[in-house]
Amino acid sequence: MNWLPVSEHRFKLAEGSFWDAEEQALYWVDISGFLVCRLVAGQIRQWRMPEPVSAFIPTEQGDALVTLASGVYRLDLDSDKTSLLPFCVADPTPGNRANEARCDARGHLWLGSMQNNIDAEGGDVPLVRRSGGLFRVEPDARVTRLLDGQGIVNTLLWNEEGSVLYSADTLDDVIYHYPVLADGALGPRQVWAAKHDRGSPDGSAMDAEGYVWNARWGGNCLIRFAPDGSVDRVVELPVSHPTSCVFGGP
């Protein structure tokens, strides 16, 4: 594979890549740099956030959802300034922040939280507890807590039917799968992709064949996992700590 940078900018902790096919736009965040970024037709626009930000997701209303340490907000994309409107607080646990966040096919926002490991200047804070959770946010901002006791929630993907959730806990070094029950709750988890010597699981994308491409933090690679969780291939990368991946482009 050939690798080309989409931007000459350099970031502290780039994450959460999201491709909007209708707009032909790439969205991502710099968690530790407190930035959200959008690339359209070769032009990058950035909005500075007041605190760590983990996801930047456009909506059908023309604005975007941003997941900050203090909650989920709506960002006005037409404003010259950073204009935030509170939407909900998914995880009210003191000292936590949002991490992975993604919308499902039904328009729910799924959000994984973790102990906040970033200080007010964007520096690192040691992880000392598994205080994270997994939450589902309805379009009307109602929040359902689905999981407790999570370390670092990464990867939120579903099978085509929406009946199985794939989600990693980076502290456990594995990707789990959970049955999604009829009432929206999650059934018992099972290990889907076991520990691997090429780094820890971070963000992922699913291809048209149902294979999961997982960015391996500290592993210099992507791993493509087959639907049964076995390793299909390892794709070497020119970076040591990839955080996420997405399919996109014209």
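Only the coordinates and a few stated rules stand behind these numbers; no lab work does. Keep in mind that what you see is a predicted model, and the values were worked out from it rather than measured. Neighbour counts run over all protein chains shown; Cβ positions are idealised from the backbone, glycine included.
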Legend entry - With at most 16 other Cβ atoms within 10 Å, longest stretch of the chain clear of loop GluC sites (Glu not before Pro) (DSSP): 61-120
Legend entry - Shape of region 143-186, Cα gyration tensor, a/c cut at 1.5: oblate
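Which whole-number percentage describes the relative contact order of the chain, with Cα contacts under 8 Å and a sequence gap of 6 or more? Let's see the in-between values first.
Values: 640 pairs, mean separation 27.7, N = 250.
After rounding, I find 11 percent.
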Inset, instruction - May I ask you to give the average projected area over all directions of the convex hull of the Cα atoms of the chain, in nm² rounded to one decimal? - result: 13.1
Inset, instruction - Can you tell me what the convex hull of the Cα atoms of region 171-214 projects to on average, as an area in nm²? - result: 4.0
Legend entry - Whole-Hz ³J(HN,Hα) from phi, Karplus 6.51 cos²θ - 1.76 cosθ + 1.60, for region 147-158, glycine and proline x: 9, 10, x, 8, x, 10, 6, 9, 6, 9, 9, 10
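If contacts are Cα pairs under 8 angstrom and at least 6 residues apart, what is the relative contact order of region 4-63 in percent? Before the final figure, lay out the partial values.
On the way: 106 pairs, mean separation 16.5, N = 60.
In percent, rounded to a whole number, it is 27.
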Inset, instruction - Provide the descending list of Cα extents for region 112-250 along its principal axes, expressed in whole angstroms. - result: 41, 41, 34
Legend entry - Reduced Cα scattering model of region 14-151, Debye log10 I(q)/I(0), q = 0.09, 0.16, 0.17, 0.21 Å⁻¹: -0.25, -0.79, -0.89, -1.33
